[in-house]
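*Asks:* Here you go, one structure.
Nothing in this text is a laboratory measurement; each read-out follows from the coordinates by a stated rule. Since this is a predicted model, take the numbers as computed values, not measurements. We place every Cβ from the backbone using ideal geometry, glycine too, and count neighbours over all the protein chains shown.
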Amino acid sequence: MRGSVKVPTLIVLMCVLAVPAFAERKDKPTGEEIANKAKAAKFDSANSTAGEKIGKKVKLTPAKLDHVKSEAELEGGQIIGMLETEAPGDETGLPPGKYNVFAAKVGNDWHVYAESGGKIVVEAVHVRVEKSNDRTPKKPEFHAEGWCSWWWLLPPWGLVTFVFTNCF
């Protein structure tokens with residue numbers, strides 16, 4: 001009797017421990033996936049910000065993440081903003097245009113993609129994600145040196161802010 005209790009308990013424990021491994025994203029998103037998420041995305045125009053690079057305009061508009069209910073859902077991939085640029089990217093060769101900015105944790109690493117027309121145009125370099133206890137809403141920032149942007153995301157769940165730093 002005692003042995004029969006252990007086996008089901010062990011099976012349940014193995015299933016519970018395996019769920020995060022199955023939930024982890026293994027492959028990078030497709031341009032079509034990003035475009036579909038962008039259709040449903042809502043943007044926070046009141047908190048957009050603008051900058052310049054070589055005399056050309058760059059505009060960052062953050063996405064509203066009211067629909068994201070967990071950190072795992074964020075890691076699975078979300079539109080974090082919209083990028084409109086007249087300047088080409090420094091390190092990636094991102095052409096001038098309008099892009100949906102999508103972040104996802106693939107395996108153990110965060111990735112940020114610029115998508116337009118159902119195609120991933122470039123993947124950002126130097127992606128870093130930090131968690132902050134500061135819940136003060138902030139506008140995105142653009143730094144011309146290195147062509148980098150900072151996005152502060154305040155999901156409705158939890159008490160942390162996700163700070164995405166990425167360079168195009």
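*Asks:* Suppose R0 equals 22 Å; then what is the FRET efficiency for Ser45 and Thr136 from their Cβ-Cβ distance, rounded to the nearest 0.05?
*Replies:* For R0 = 22 Å, the calculated efficiency reads 0.70.
*Asks:* How much space per residue, in cubic angstrom, does the convex hull of the C-alpha atoms of region 25-167 take up?
*Replies:* 98
*Asks:* Give the dimensionless ratio obtained when the Cα radius of gyration of region 62-120 is divided by 2.2 N^0.38 Å.
*Replies:* 1.21
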